[in-house]
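The values are calculated or read from the model by the stated rules, or taken from the named source; none is laboratory data. Values in this document were obtained by computation on a predicted structure and should not be read as measured data. Glycine gets a Cβ as well: all are built from the backbone with ideal geometry, and neighbour counts include every protein chain shown. These accessible areas exclude ligands, DNA and RNA; they are computed on the full protein's heavy atoms, side chains included. Shrake-Rupley method; radii C 1.70, N 1.55, O 1.52, S 1.80 Å.
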Amino acid sequence: VICTDLCNLEQEMRALEDAGAELLHVDFIDGCFSPCLPIGIDTIRALRRCTVLPMSLHLMTEQNEFFLDLLDGILFTHIVFHWETARHADRLINKIHSLGMKAGVALTPGTPVTVLEYVLEKCDVITLMLINPGYAHEKEEAQVPYAQRKIKDMKAMIEARGSSARIEIDGRIRTEQIPAFASAGADIIVSGSSGVFSAGHSYKENYRIIQGMLSSCPENVIQHYKNGGNESDST
């Protein structure tokens, strides 16, 4: 959502709906954890009135429980918070579940997947950041070179533990990278300034290109996306 024209939010939502978006990825950033303040709580409430599309929430905040309370009443498919800011991760997961929503943990690039050893069974989603938290349009920072390896490591850990957690990836994901990342184990792909919102094409055209990229994946990956992995077309 932070890649849209925020001065024309309702029009942008209509364009994304028309393009075929199935899930909106909402970054809520406090300016402390990440040096950015793109949208506030009132904007998120307005967003909910602008569209019927389901929304997920990525909390990039230092005071997680405080902001969860302020956002109470807004329904999200899932809420993820950052391991790096959570003093009591297990309690936060419980709190989100008590609100009737799926819960998960986000990891910045340098945080190993092994920190999830004792909470993985409670997680519905694991979000792997492939760039350091910053600005959506800050092209100077490249995606980490170990992105695919980290996805594979997370997938292996999930399978070894018998977890049903889904892997969400976020950060400078170029459309041409999608087949490799999906094959590595990514279930939900956050497509931003390097994907759905890349210049030169309409949202609908960019979605069509992404769908074409997915068609080049192995058949088992394509079948996964057809059979309930369809949150993968996230914006």
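The single condition among (1) open to solvent by less than 10 Å² (accessible area, probe 1.4 Å); (2) under 21 Å from His88 (Cβ atoms) that Pro112 does not satisfy is (1).
Residue-level check: of (1) touching a residue at least 40 places away in the same chain (Cβ under 8 Å); (2) aromatic (Phe, Trp, Tyr); (3) open to solvent by 70 Å² or more (accessible area, probe 1.4 Å), Phe197 misses just (3).
Could you list, in sequence order, all residues of the stretch 150-196 that are outside any helix (DSSP H, G or I) and of a type in the set (Val, Ile, Thr)?
Result: Ile167, Ile169, Ile173, Ile188, Ile189, Val190, Val196.
Thr85 - would you say it is closer than 23 Å to Asp124 by Cβ, open to solvent by 10 Å² or more (accessible area, probe 1.4 Å), of a type in the set (S, T, N, Q) and within 17 Å of the chain's Cα centre (by Cα)? Considered against the rule, which asks whether it is closer than 23 Å to Asp124 by Cβ, open to solvent by 10 Å² or more (accessible area, probe 1.4 Å), of a type in the set (S, T, N, Q) and within 17 Å of the chain's Cα centre (by Cα), Thr85 comes out as no.
Could you list, in sequence order, all residues of the stretch 7-47 that are in a helix (DSSP H, G or I) and either closer than 18 Å to Asp170 by Cα or β-branched (Val, Ile, Thr) (or both)? Answer for the stretch 7-47, where residues must be in a helix (DSSP H, G or I) and either closer than 18 Å to Asp170 by Cα or β-branched (Val, Ile, Thr) (or both): Ile41, Thr43, Ile44. With respect to (1) surrounded by fewer than 15 Cβ atoms within 10 Å (Cβ to Cβ); (2) modelled with pLDDT under 95, the lone exception for Leu47 is condition (1). Only one of the numbered conditions (1) farther than 29 Å from His201 by Cβ; (2) touching a strand residue (DSSP E or B) at 6+ places or on another chain (Cβ under 7 Å) is not met by Met55, and that is (1). The residues of the stretch 103-153 that are under 15 Å from Trp83 (Cα atoms) and either modelled with pLDDT under 95 or polar (S, T, N, Q) (or both), listed by number, are Thr108, Thr111, Thr114, Thr127, Asn132, Pro133. In summary, Ser215 fulfils each of the numbered conditions (1) small (Gly, Ala, Ser); (2) modelled with pLDDT of 95 or more; (3) open to solvent by 70 Å² or more (accessible area, probe 1.4 Å) with the single exception of condition (2). Of the residues Gly171, Gly228, Gly185, which single one is at positive phi, at pLDDT below 95 and touching a helix residue (DSSP H, G or I) at 6+ places or on another chain (Cβ under 9 Å)? Matching residue, one of Gly171, Gly228, Gly185: Gly171.
Just one of Ser56, Ser34 is of a type in the set (S, T, N, Q), crowded, with 18+ Cβ neighbours inside 10 Å and modelled with pLDDT under 95; which is it?
Within the list Ser56, Ser34, the selection yields Ser34.
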